[in-house]
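J.: Before I ask anything, let me first share the structure, which is written out below as structure tokens.
The values are calculated or read from the model by the stated rules, or taken from the named source; none is laboratory data. Predicted model only: the values in this text are computed from it and were never measured. Cβ atoms come from the backbone with ideal geometry, glycine included; neighbour counts cover every protein chain shown.
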Amino acid sequence: MAKEHSYTINFGPQHPAAHGVLRLLITLEGETVQSIDPHIGLLHRGTEKLMEHKTYLQSGGYFDRFCYVSMMANEHAYVMALEKMLAIKVPERAEYIRVLFAEITRLMNHLIWLGAYGLDLGAMSVFLYCFRDRDDLLAMYEAASGARMHANYFRVGGVWRDLPHTMPKYQSSSWKSKKKLADLNADRQGSLLDFIESFIERFPGRIDDYETLLTDNRIWKQRTQGVGVVSKERAMSLGFTGHMLRSTGVAWDLRKTQPYSVYDKLTFDVPVGVNGDCYDRYIIRIAEMRESVKIMKQCVDWLREHPGPILADAPKVVPPSRDHMKDNMEAMIHHFKLHTEGFSLPRGEVYSAVEHPKGEFGVYIVSDGANMPYRIKVRAAGFPHLAAISELCKGHLLADVVTILSSLDIVLGEVDR
Amino acid sequence: MLMIFIYALCILIPLVVAVAYLTTLERKIIGYMQLRVGPNRVGFGGMLQPIADAIKFVTKELVYPEHADGLLYYLSPLLLLVPSLTAWAVIPFSESWVLADIDAGLLFVFAMTSLGSYGVLLAGWASNSKYAMLGSMRSCAQIISYEIAMGFALVGVILLADSLNLQKIVYAQAGGILHWNWLPLFPMFIVYWICAVAETNRAPFDVAEGESELVAGFHVEYSGMLFATFFIAEYANMIFISVFTSTLFFGGWLSPFEGIPYISTWFSWVPGIIWLAGKSSFFVFLYLWMRATFPRYRYDQLMMLGWKTLIPISLAWIPFISAMKLWGWV
């Protein structure tokens with residue numbers, strides 16, 4: 001009888017560390033991983049196909065749901081693709097608002113990632129600390145767009161509306177004492193920009209707290225250093241982007257290498273790693289959070305001094321103002337036409353990519369001149385990262401699979417689409 | 001015979017209550033450490049939470065996995081629970097309160113805590129599940145290797161007390177806080193504490209449960225009251241190790257103010273069990289604190305720590321403490 005050396009275990013889709021509905025078939029020899037076969041598609045919703053039957057305006061909401069932890073970053077790629085095709089010039093204030101929210105989104109994504117990474121390695125408290133700070137970021141989303149997650153705030157030609165002058169406040173209730181209520185509303189007295197500014201002041205200290213718990217922790221280092229190492233050449237040929245590529249030492253950040261929006265007017269650094277292991281990915285992301293705070297600060301300062309329009313002057317694409325619609329028949333008809341029939345893109349194709357928190361997030365649209373895309377393809381950053389998991393995990397222990405999977409930062413919403 | 005039974009109940013009933021409330025306390029303490037509130041719905045401030053948990057556990061269905069080994073599957077929770085309760089027999093709670101004042105007390109405790117690994121091993125094996133099997137294999141390797149370091153660490157205690165009897169070990173530490181074993185045996189105490197945490201399968205050494213990789217490890221297939229039995233055993237073990245640590249290294253039921261003029265007489269009315277409970281509570285808290293702070297070790301790193309760091313340290317300290325004893329320095 002042939003002697004069996006290996007056996008398979010089924011990891012997920014209900015596994016606590018499977019990050020959504022990922023299923024891995026892991027071939028083990030003892031506890032050493034021989035190969036991993038990722039089974040994706042459990043969250044496939046056919047979004048790309050659905051968008052072929054929706055007007056361009058209606059499809060915007062789908063983009064929030066690709067990578068559902070960095071919503072506005074996805075929207076950014078989409079609206080940029082449409083604007084490129086329509087040759088619309090976006091007002092500068094709108095660009096700054098977009099960059100501000102793109103960085104808020106980056107923080108949001110990195111905080112969830114850091115929390116989940118800590119939780120997967122057993123550091124439970126980090127998870128809850130990260131969610132505390134993420135809640136403030138969600139409040140910013142809510143104040144600007146009205147939705148805490150699926151914002152649909154970036155529109156073709158700008159953003160949905162200007163930043164509000166007041167922050168919504170907590171209401172009094174029987175389970176909040178006066179003092180607690182005052183604490184909760186303390187930094188909500190001014191405008192949204194004031195709220196963001198108070199966050200910018202407090203957040204670097206919070207990052208220091210997380211670093212105290214993790215960065216120099218011996219267990220944390222032992223668990224992450226030298227785990228999931230990928231070389232520079234291999235990372236490039238595997239199609240890695242974002243922190244996975246930068247951890248190997250390649251300073252590839254679309255915000256610097258192919259500047260879009262107003263990133264060329266802002267000063268920030270691109271942190272790169274050396275070893276390409278899980279620890280470098282962690283260090284890079286911590287540094288990226290600090291850089292994002294710097295960018296946010298610059299945006300807030302600029303936005304305070306430069307009021308102006310937030311939507312482009314392009315009546316065929318941008319809906320008329322609410323006031324105008326109330327007493328102008330043509331504006332009313334225009335609004336109706338825009339939101340039913342939509343607008344048409346010229347015949348052709350376009351690709352636009354942003355530096356999504358997870359890597360390069362691209363949108364490729366083929367238009368046949370109609371008001372719906374002929375074909376739309378989303379280039380998700382997580383997909384090539386997940387595809388390499390077998391190579392990254394080979395020879396490591398079962399516990400390292402969790403570490404590596406977590407460090408990839410995949411979201412099945414964008415992998416499965 | 002009847003009296004022994006009553007004495008045993010006098011230990012076990014408060015112990016089970018303590019276990020029940022330790023689960024709530026853990027959720028509360030870790031909750032506050034993590035900016036949460038913890039359970040606060042059942043009873044005043046969550047005081048009835050363990051009772052609600054118990055009702056839930058009792059009413060849940062006992063799931064029996066296909067092709068599991070019936071006898072061992074139902075037996076193994078007990079194999080874990082019984083030794084963890086039996087070990088309490090030799091603990092001296094105060095000057096006169098000790099159920100079994102046997103000479104080989106320390107050895108008995110050692111035997112009982114080691115027996116628990118059978119429960120873990122058989123639970124994983126009998127469940128017929130790969131995750132449970134991996135968990136129990138890890139746990140066994142861990143318990144066996146940490147037992148060695150722990151044993152060596154305790155040799156120091158035995159040397160200093162000239163006895164294996166726990167009551168005598170306590171008496172040997174009489175004379176105030178500086179006479180307790182933690183000071184001359186400080187590296188041994190640290191080694192012992194790390195081993196003890198590993199022995200009870202608690203964070204950061206909970207690789208046998210390994211929540212994020214093995215889901216729940218050896219008890220992944222258990223439900224209802226069988227699952228609860230594992231938990232009672234784990235928490236009883238935690239409390240036991242805390243009490244045991246206080247007894248061996250922190251003077252057991254002795255007053256910390258002994259030997260200090262005036263203060264020691266002011267506190268002379270306090271019964272020894274209060275001191276013991278106070279010292280043990282600190283170690284229980286330490287368990288929870290560690291759980292809220294540290295990431296989990298990887299299985300091979302855990303073994304490396306045990307064999308390459310802890311065993312050499314404790315081995316090196318034994319000749320040192322023997323020499324000190326020989327020349328009468330301690």
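J.: Give the residues of the range B:28-62 that are crowded, with 18+ Cβ neighbours inside 10 Å, assigned to a helix (DSSP H, G or I) and free of Cβ contacts under 8 Å to residues at least 24 places away in the same chain, sorted by residue number.
T.: Within the range B:28-62, B:Lys28, B:Gly46 meet the criteria.
Here's the yes/no breakdown for (1) within 22 Å of B:Ala87 (Cα to Cα); (2) modelled with pLDDT of 85 or more:
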position	(1), (2)
B:Ser139	yes, no
B:Gln142	yes, no
B:Ser145	yes, no
B:Val155	yes, yes
B:Ala161	yes, no
B:Asn165	yes, yes
B:Ile177	no, no
B:Trp180	no, no
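J.: A follow-up question, please. Search the range B:221-237 for residues that are over 21 Å from B:Thr113 (Cβ atoms) and in contact (Cβ under 8 Å) with a residue 24 or more places away in the chain and pair each with any residue that is of a type in the set (Gly, Ala, Ser) and in a helix (DSSP H, G or I) when their beta-carbon atoms are under 7 Å apart and the residues are at least 6 apart or on different chains.
T.: B:Glu221/B:Ala132
J.: Pairs, please: C-beta under 6 Å, at least 6 apart or cross-chain, first residue basic (Lys, Arg) and in the range A:130-151, second modelled with pLDDT under 90?
T.: Close Cβ pairs satisfying both conditions: A:Arg132/B:Leu35.
J.: OK, next. Of all residues in the range A:173-225, which are part of a loop (DSSP other than H, G, I, E, B) and either in contact (Cβ under 8 Å) with a residue 60 or more places away in the chain or surrounded by 12 or more Cβ atoms within 10 Å (Cβ to Cβ) (or both)? If you could, list the steps in order and put the result at the bottom.
T.: Taking the range A:173-225 and keeping what is part of a loop (DSSP other than H, G, I, E, B), we get A:173-177, A:189-191, A:215-217, A:225.
Passing the criteria: A:Lys176, A:Gln189, A:Gly190, A:Ser191, A:Thr215, A:Asn217, A:Gln225.
J.: For a quick check of your reading of the model, give me the residue pairs whose first member lies in the range B:305-329 and is more than 19 Å from B:Trp182 (Cβ to Cβ), whose second is assigned to a helix (DSSP H, G or I) and not acidic (Asp, Glu), with beta-carbon atoms closer than 7 Å and at least 6 apart or on different chains.
T.: Every condition considered, the pairs that remain are B:Gly306/B:Ser145; B:Gly306/B:Tyr146; B:Gly306/B:Ala149; B:Trp307/B:Ser145; B:Ile311/B:Ile148; B:Ile311/B:Ala149; B:Ile311/B:Phe152; B:Leu315/B:Phe152.
J.: Got a sec? Which of A:Leu338, A:Leu408, A:Leu398, A:Leu386 is in contact with a helix residue (DSSP H, G or I) (Cβ under 8 Å, 6 or more places away or on another chain) and within 14 Å of chain B (Cβ to nearest Cβ)? Break it down stepwise before answering.
T.: On the way: A:Leu338 fails: within 14 Å of chain B (Cβ to nearest Cβ); A:Leu408 fails: within 14 Å of chain B (Cβ to nearest Cβ); A:Leu386 fails: within 14 Å of chain B (Cβ to nearest Cβ).
Unique residue meeting the criteria: A:Leu398.
J.: Among the residues of the range A:294-326, write down those that are more than 30 Å from A:Phe195 (Cβ to Cβ) and at pLDDT 90 or above.
T.: The answer is none; no residue qualifies.
J.: Could you please find all residues in the range B:116-166 being without any contact (Cβ under 8 Å) to a residue 24 or more places away in the chain, away from chain A (no Cβ under 14 Å) and among the charged types (D, E, K, R)?
T.: Listed by number, the list holds a single entry, B:Asp162.
J.: Right, something else. From the list A:Thr8, A:Thr47, A:Thr55, pick out the single residue that is within 14 Å of another protein chain (Cβ to nearest Cβ) and of a type in the set (S, T, N, Q).
T.: Numbers: A:Thr47 fails: within 14 Å of another protein chain (Cβ to nearest Cβ); A:Thr55 fails: within 14 Å of another protein chain (Cβ to nearest Cβ).
Only one candidate passes the filter, namely A:Thr8.
J.: Restricting to helices (runs of 4 or more DSSP H) lying wholly in the range B:198-303: which have 3 or more residues that are within 13 Å of another protein chain (Cβ to nearest Cβ) and more than 30 Å from B:Leu72 (Cα to Cα)?
T.: Values: elements: B:211-214, B:224-249, B:263-266, B:272-293.
Hits in the range B:198-303: B:272-293.
J.: In addition: Filtering the range B:217-263 down to residues that are closer than 26 Å to B:Phe189 by Cα and of a type in the set (Gly, Ala, Ser), which residue is surrounded by the fewest Cβ atoms within 10 Å (Cβ to Cβ)?
T.: Among them, the one singled out is B:Gly259.
J.: Further question on the same structure: Are any of the residues in the range A:75-86 part of a loop (DSSP other than H, G, I, E, B), away from chain B (no Cβ under 14 Å) and of a type outside the set (A, V, I, L, M)?
T.: Filtering the range A:75-86 down to residues part of a loop (DSSP other than H, G, I, E, B) leaves none.
No: the range A:75-86 contains no residue that is part of a loop (DSSP other than H, G, I, E, B), away from chain B (no Cβ under 14 Å) and of a type outside the set (A, V, I, L, M).
J.: Within the range A:269-293, how many residues are out of contact with any helix residue (DSSP H, G or I) (no Cβ under 9 Å at 6 or more places or on another chain) and part of a helix (DSSP H, G or I)?
T.: Our first condition is that a residue be out of contact with any helix residue (DSSP H, G or I) (no Cβ under 9 Å at 6 or more places or on another chain); within the range A:269-293, this holds for A:275, A:283, A:287.
Still in the list and also part of a helix (DSSP H, G or I): A:283, A:287.
Here the count works out to 2.
J.: Another question about this same structure. Just need a number here: residues in the range A:1-34 that are within 25 Å of B:Ser139 (Cα to Cα) and either polar (S, T, N, Q) or assigned to a loop (DSSP other than H, G, I, E, B) (or both). Spell out the reasoning first.
T.: Of all residues in the range A:1-34, those within 25 Å of B:Ser139 (Cα to Cα) come to A:4-12, A:14-18, A:24-34.
Then keep just the ones that are either polar (S, T, N, Q) or assigned to a loop (DSSP other than H, G, I, E, B) (or both); that gives A:4-6, A:8, A:10, A:12, A:14-18, A:27, A:30-32, A:34.
So the answer is 16.
J.: Just the residues that are surrounded by fewer than 21 Cβ atoms within 10 Å (Cβ to Cβ), touching a residue at least 24 places away in the same chain (Cβ under 8 Å) and not in a strand (DSSP E or B), please, taken from the range A:366-383.
T.: So the first thing to find is which residues in the range A:366-383 are surrounded by fewer than 21 Cβ atoms within 10 Å (Cβ to Cβ), and the list is A:366, A:368-372, A:374-375, A:377, A:379, A:383.
Then drop every residue that is not touching a residue at least 24 places away in the same chain (Cβ under 8 Å), which leaves A:369-372, A:374-375, A:377, A:379, A:383.
Correct list: A:Gly369, A:Ala370, A:Asn371, A:Met372, A:Tyr374, A:Phe383.
J.: Could you check how many residues of the range A:92-133 are farther than 21 Å from A:His150 by Cα and away from every other protein chain (no Cβ under 14 Å)?
T.: Matching residues across the range A:92-133 total 2.
J.: Now a separate question. May I ask you to verify whether A:Asp162 is touching a residue at least 60 places away in the same chain (Cβ under 8 Å), part of a helix (DSSP H, G or I) and either within 20 Å of B:Arg36 (Cα to Cα) or more than 14 Å from chain B (Cβ to nearest Cβ) (or both)?
T.: When the stated conditions are applied, A:Asp162 does not pass them.
J.: Please go through (1) among the aromatic types (Phe, Trp, Tyr); (2) more than 20 Å from B:Phe244 (Cα to Cα); (3) buried (at least 16 other Cβ atoms within 10 Å of the Cβ) for B:Phe108 and return the number of the only condition it doesn't satisfy.
T.: So B:Phe108 meets the others, but not (2).
J.: Now, a different point. Check the range B:7-16 and report whether any residue there is within 14 Å of chain A (Cβ to nearest Cβ) and either without any contact (Cβ under 8 Å) to a residue 40 or more places away in the chain or not in a helix (DSSP H, G or I) (or both). Working first, answer last.
T.: Kept after step one, since they are within 14 Å of chain A (Cβ to nearest Cβ), are these residues of the range B:7-16: none.
Among the residues of the range B:7-16, not one is within 14 Å of chain A (Cβ to nearest Cβ) and either without any contact (Cβ under 8 Å) to a residue 40 or more places away in the chain or not in a helix (DSSP H, G or I) (or both), which makes the answer no.
J.: Looking at the range B:306-321, is at least one residue modelled with pLDDT under 85, more than 14 Å from every other protein chain (Cβ to nearest Cβ) and assigned to a loop (DSSP other than H, G, I, E, B)?
T.: The answer is no; no qualifying residue exists.
J.: Taking the range A:341-373 on its own, how many of its residues are touching a helix residue (DSSP H, G or I) at 6+ places or on another chain (Cβ under 6 Å) and among the basic types (Lys, Arg)?
T.: Residues meeting the conditions: 1.
J.: Can you pull out the residues in the range A:30-51 that are closer than 30 Å to B:Asp300 by Cα and free of Cβ contacts under 8 Å to residues at least 12 places away in the same chain?
T.: Answer for the range A:30-51, where residues must be closer than 30 Å to B:Asp300 by Cα and free of Cβ contacts under 8 Å to residues at least 12 places away in the same chain: just A:Gly30.
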